[in-house]
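Each value in this text was obtained by applying a stated rule to the coordinates, not by laboratory testing. All of these numbers come straight from a predicted model, not from anything done at the bench. Cβ placement follows ideal geometry from the backbone for every residue including glycine, while neighbour counts extend to all protein chains displayed.
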Ligand SMILES: Cc1cc2nc3c(=O)[nH]c(=O)nc-3n(C[C@H](O)[C@H](O)[C@H](O)COP(=O)(O)OP(=O)(O)OC[C@H]3O[C@@H](n4cnc5c(N)ncnc54)[C@H](O)[C@@H]3O)c2cc1C
């Protein structure tokens with residue numbers, strides 16, 4: 001959505017150099033490829049990389065620049081699981097597929113590590129992640145979750161922390177308990193996305209930037225049209241997330257773009273930063289409209305939260321986010337916020353990801369619902385497997401049932417606002 005907006009200043013844009021050779025030309029004229037990939041976020045770059053590694057001729061077409069969407073703006077938290085709970089997944093797909101989906105998310109954590117290692121992606125990766133309880137009821141929920149992970153899913157290594165133990169990771173009085181996972185962590189998402197795009201190019205993929213796909217035609221030889229060029233291909237993959245817009249209305253109805261926001265403080269003295277988050281863990285609280293935060297490599301606090309359905313003016317945004325940040329770390333009253341930015345999440349009705357096919361040779365990956373950093377790269381790998389003829393793992397995701405947002409184009413946003421109001425109220429108790 002709003003592909004016309006410029007790539008707003010953010011801590012990520014400031015700190016990820018766009019290497020001179022990295023900007024790519026727009027699509028001009030007629031091109032042929034085995035696979036065309038629409039969208040240069042993590043999902044599209046990962047799909048392009050894994051397909052090129054298999055020997056396919058790949059054309060990746062990005063409307064603005066690589067990482068322009070959610071992938072270059074996110075909180076950078078790399079976390080196991082899906083945005084929806086395992087219990088809810090069991091209700092949707094049954095126990096066996098719910099288990100497979102969980103295991104695939106854990107594979108996603110290892111894939112992320114191996115992509116960073118193999119392609120030497122310098123993206124400030126750090127291990128450790130904490131889910132933190134704000135409300136007394138959430139303490140019990142964390143304990144039940146830890147048991148479920150260990151007993152039902154064999155995901156051991158996570159540690160339940162009481163209030164005192166949690167202070168070794170987050171020195172805030174706001175939290176009552178935590179769940180620490182050393183296999184989850186955090187990274188610089190724009191550096192990671194650009195790193196993946198460079199890896200895809202090194203493997204042979206061609207990347208076109210500033211080339212919005214305006215329409216596509218299905219068939220034995222699908223075709224995508226941009227303003228000044230065309231790609232004909234054998235397989236087509238849509239990875240446009242919340243930004244895809246009207247090109248493929250059938251899948252656009254399954255997701256809603258919801259704005260969420262992050263601020264970056266000025267750099268803190270290293271010891272002051274360490275005093276806030278001694279193990280350098282990323283933290284997400286357990287509320288529906290959650291606060292999430294972590295330190296950057298240069299010791300800033302990156303603090304995210306809020307949701308909205310329209311663009312918020314950055315000054316107002318910085319002020320309101322600062323208030324939230326001070327509720328967590330009141331000692332930062334003298335610290336300035338230097339950057340504030342937002343991006344759009346592609347949420348589904350159930351908050352489970354939405355992978356599928358529009359035709360036998362037209363695939364899509366979307367609906368990561370704010371939990372996409374790990375699953376996007378995995379989705380790219382799975383769709384490459386499917387194109388190559390082995391779709392079992394991709395189809396574990398396609399079996400998740402999805403519904404369109406009710407209310408059509410005009411009413412679905414107000415309907416979601418009402419639903420969000422309900423969850424906002426729930427966060428109060
Ligand atoms: C502020 C924020 C914080 C977040 N924090 C976290 C977090 O901490 N942890 C986590 O797991 N997830 C987080 N997420 C979610 C995560 O960032 C996304 O799930 C993930 O990046 C989605 O990647 P993607 O490749 O599917 O889509 P995107 O990164 O959105 O990429 C889609 C790309 O497609 C391009 N595009 C769209 N339409 C067209 C077209 N017609 N033609 C050509 N190109 C097109 C866009 O320009 C864009 O670059 C966050 C998201 C936001 C916005």
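Observations, loosely collected:
- Distance in nm between pseudo-label sites at residue 308 and residue 96 (7 Å out along the Cβ direction from Cα): 4.8
- Per-residue ellipticity at 222 nm from helix content only, as computed over the chain with -39500 (n - 2.57) for each DSSP H run of at least four residues, stands at -11000 deg cm²/dmol.
- For the stretch 95-213, the orientation-averaged shadow of the C-alpha convex hull comes to 10.8 nm² (one quarter of the hull surface).
- The Kirkwood radius of the stretch 8-94, taken over pairs of alpha-carbon atoms, gives through the Stokes-Einstein law at 4 °C and 1.567 mPa s a diffusion coefficient of 82 µm² s⁻¹.
- Beta bridge orientation in the stretch 235-334: antiparallel %, DSSP, nearest 5: 100
- The chain: angle of helix 136-147 to the longest principal axis, Cα-based, in degrees nearest 10: 60
- Förster-model FRET efficiency, 25 Å R0, residue 147 and residue 391, C-beta, rounded to 0.05: 0.15
- The stretch 245-305-the stretch 313-349 distance, computed between alpha-carbon centres (Å): 9
- In terms of the mean number of neighbouring beta-carbon atoms within 10 Å, the peptides 297-305, 370-378 order highest first as 370-378, 297-305.
- The distance between label points at residue 215 and residue 336 comes to 5.1 nm (points 7 Å beyond Cα on the Cα→Cβ vector).
- Normalised by the number of residues in the chain, the mean separation of alpha-carbon contacts (under 8 Å, six or more apart) gives a relative contact order of 24 percent.
- Each label was represented as a point 7 Å from its Cα along the Cα-to-Cβ direction; for residue 297 and residue 250 these points are 4.3 nm apart.
- Bridge orientation summary for the chain: considering DSSP beta bridges with both residues in this region, about 70 percent are antiparallel.
- With the convex hull drawn around the C-alpha atoms of the chain, the volume per residue stands at 132 Å³.
- Crossing angle, helix 86-118 versus the chain [Cα axis fit, 0-90 degrees, rounded to tens]: 80
- Acute angle (nearest 10 degrees) that the helix 408-427 long axis makes with the longest principal axis of the chain, alpha-carbon atoms: 20
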